[in-house]
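Only one structure is covered here, and it is reproduced in the block below.
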Amino acid sequence: MKKISITVLSFLTAFAFTKSANCQDTSTQIKINQVGYYPAAPKIAVITGKTNSEKFYLLGAAKKDTVFSAALGTENKSAYSSVTTRIADFGSFRKTGSFILYVPGIGSSYPFSIKANVQHEMAIAALKGYYYQRVSMPLEKKYAGKWYRPMGHPDDKVLIHPSAA
């Protein structure tokens, strides 16, 4: 039993170290559109905090190939906080795929996509949210699947408090 516990503990320690080592260069200072970007649309990331780097790089998702690089925008100081920002504008990059934005001295962004219909799934999920919140009408099985249900309340009576009349 003791040998199994040591083996499990060793595995978990190794897993935790591997996980943190892989995530170590992912920076929260790089703000991107995590849903993704359209190929022909504007594409920017906001870099928060100080950096000595004057350039940023777009890498393939495997972090092996640089597919685009450009100069970072000028440093901007917020009028309402101590945050300093710089813009990474990659709107002229039009290739599709999964990418990571890298800023030397800051690190890498989370992976993001550039593709046609990149926001399609998110738009459908938002519309479904509105559908499932309906109360005054039934949610039909053919549209709501396992979440179908009868009408909640008919909303055929309006009560007005005397103080409002």
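The values are calculated or read from the model by the stated rules, or taken from the named source; none is laboratory data. A quick note: this is a predicted structure, and the numbers were derived from the prediction, not measured. Cβ sites come from the backbone with ideal geometry, for glycine too, and all protein chains shown count toward neighbours.
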- Does the stretch 109-120 contain any residue that is assigned to a loop (DSSP other than H, G, I, E, B), at positive phi and loosely packed, with under 10 Cβ neighbours inside 10 Å? yes
- Message: Against the definition (without any contact (Cβ under 8 Å) to a residue 12 or more places away in the chain and either assigned to a loop (DSSP other than H, G, I, E, B) or more than 20 Å from GLN34 (Cβ to Cβ) (or both)), how does SER136 come out, yes or no?
- Response: no
- Count - residues of the stretch 70-86 that are surrounded by fewer than 14 Cβ atoms within 10 Å (Cβ to Cβ) and assigned to a strand (DSSP E or B): 3
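Results for (1) assigned by TED's automatic domain parsing to the domain that holds ASP25; (2) touching a strand residue (DSSP E or B) at 6+ places or on another chain (Cβ under 7 Å); (3) charged (D, E, K, R), shown as yes or no for each residue.
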{"site": "LEU58", "(1), (2), (3)": "yes, yes, no"}
{"site": "ILE106", "(1), (2), (3)": "yes, yes, no"}
{"site": "SER136", "(1), (2), (3)": "no, no, no"}
{"site": "GLU140", "(1), (2), (3)": "no, no, yes"}
- Query: Can you spot a residue in the stretch 130-150 that is within 30 Å of LYS31 (Cα to Cα), out of contact with any Lys or Arg (no Cβ under 8 Å at 6 or more places or on another chain), modelled with pLDDT under 95 and not acidic (Asp, Glu)?
  - Reply: yes
- Applying the selection to the stretch 54-65, what residues are at pLDDT 95 or above and either within 18 Å of PRO111 (Cα to Cα) or surrounded by 15 or more Cβ atoms within 10 Å (Cβ to Cβ) (or both)? PHE56, TYR57, LEU58, LEU59
- Query: Could you say whether any residue in the stretch 46-56 is in contact (Cβ under 8 Å) with a residue 24 or more places away in the chain, within 26 Å of ALA126 (Cβ to Cβ) and outside the structural domain of ALA126 (by TED's automatic domain parsing)?
  - Reply: yes
- Is it the case that the stretch 140-157 has a residue that's surrounded by 15 or more Cβ atoms within 10 Å (Cβ to Cβ) and either over 19 Å from the mean Cα position of the chain (by Cα) or in contact (Cβ under 8 Å) with a residue 12 or more places away in the chain (or both)? yes
- Query: Of the residues LYS128, LYS95, which is in a helix (DSSP H, G or I), surrounded by 11 or more Cβ atoms within 10 Å (Cβ to Cβ) and either basic (Lys, Arg) or touching a residue at least 40 places away in the same chain (Cβ under 8 Å) (or both)?
  - Reply: LYS128
